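> Okay, here's the structure, questions in a sec.
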Amino acid sequence: MKIRRAEERDIPRLGELLLQVCRVHQQGRPDLFRAGGRKYDDAELQTLLRDGERPILVAEDEAGQVAGYAFCVYQRHQNEGSFNDLTTLYLDDLCVDESCRGKQVGKSLYEAVLDLARSAGCYNVTLNVWSCNPGAMRFYEKCGLKQQKVGMELIL
């Protein structure tokens with residue numbers, strides 16, 4: 001498994017994987033997520049690929065097929081009220097192709113995210129996970145992540 005920065009040639013595969021993520025979210029929260037939706041369209045992916053503050057990593061298998069991705073965002077906090085100055089690497093989205101789960105692809109991607117954060121001098125890595133996705137929550141807990149804060153809602 002090779003982890004590398006995503007390139008424009010990866011956009012079609014990234015789109016397929018984004019659909020898989022949406023499907024999971026739509027099944028868990030059909031009130032919020034539309035069937036067949038994607039977090040980013042192709043034009044947005046092109047923009048993200050050029051943005052040094054939003055690195056995208058991909059896991060490529062031996063055949064050169066993208067088996068998963070990690071979308072990241074550097075969040076630089078400076079002079080923000082009562083918070084200390086620090087840089088966070090926010091893991092915006094991580095997906096492993098349904099056919100590749102259980103093969104350490106997610107773990108490899110996550111470790112590459114940690115390496116990226118360390119090399120950039122980040123204080124921490126953060127992410128959000130939907131409570132309707134217990135598999136993702138178990139994966140992140142297994143990776144050592146702990147709850148930082150809890151989002152709550154009341155549907156009206």
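The values are calculated or read from the model by the stated rules, or taken from the named source; none is laboratory data. Keep in mind it's a predicted model, so treat the numbers as computed, not measured. Ideal geometry is used to build each Cβ from the backbone, glycine not excepted, and the neighbour counts take in all protein chains shown. These area figures cover heavy atoms from the full protein model, side chains too; ligands, DNA and RNA do not enter into them. Shrake-Rupley method; radii C 1.70, N 1.55, O 1.52, S 1.80 Å.
> Add +1 for every Lys or Arg and -1 for every Asp or Glu among the other residues with Cβ under 13 Å from the Cβ of G102, and state the total. All intermediate terms of the calculation are to be shown ahead of the outcome.
On the way: positive: R101, K103, K107, R138, K142; negative: D97, E98.
Result for the local shell: +3.
> Still on this structure, I have one more. Keeping all protein chains in place, calculate the accessible area per residue for segment 19-156 (probe 1.4 angstrom), answer in Å². Before the final figure, lay out the partial values.
Working: 8770 Å² over 138 residues.
Spelled out: the 1.4 Å probe surface of segment 19-156, per residue, equals 64 Å².
> Return, ordered by residue number, the residues of segment 1-44 whose backbone nitrogen is under 11 Å from a label point located 7 Å along Cα→Cβ of R101.
Counting only backbone N, you get 21, 24-25.
> Right, something else. May I ask you to derive the relative contact order of segment 5-103, considering only C-alpha pairs under 8 Å and at least 6 residues apart, and to give it as an integer percent? Kindly include the intermediate steps, with their values, before the conclusion.
Values: 135 pairs, mean separation 23.0, N = 99.
23 percent.
> May I have the count of lysine pairs in the chain with C-alpha atoms under 21 Å apart, counting pairs 8 or more residues apart or located on different chains?
On the way: K2/K103; K2/K107; K103/K142; K107/K142; K107/K146.
Lysine pairs, 8 or more places apart or on different chains, close enough: 5.
> Order the peptides 85-92, 30-37 from the highest to the lowest mean number of other Cβ atoms within 10 Å of their residues. Spell out each step's value before the answer.
Details: 85-92: 16.9, 30-37: 11.5.
Put in order of decreasing packing, that is 85-92, 30-37.
> Something else now. Tell me the carbon and sulfur percent of the accessible area for the chain, rounded to whole percent, probe radius 1.4 Å. Before the final figure, lay out each step's value.
Details: 4830 of 9770 Å².
That share works out to 49 percent.
> Then there is this: Taking square-rooted eigenvalues a ≥ b ≥ c of the alpha carbon gyration tensor, is the chain rounded, prolate or oblate, where a/c under 1.5 means rounded and, failing that, a/b exceeding b/c means prolate? Could you put the intermediate results ahead of the total?
On the way: a/c = 1.42, a/b = 1.10, b/c = 1.29.
Verdict is rounded for the chain.
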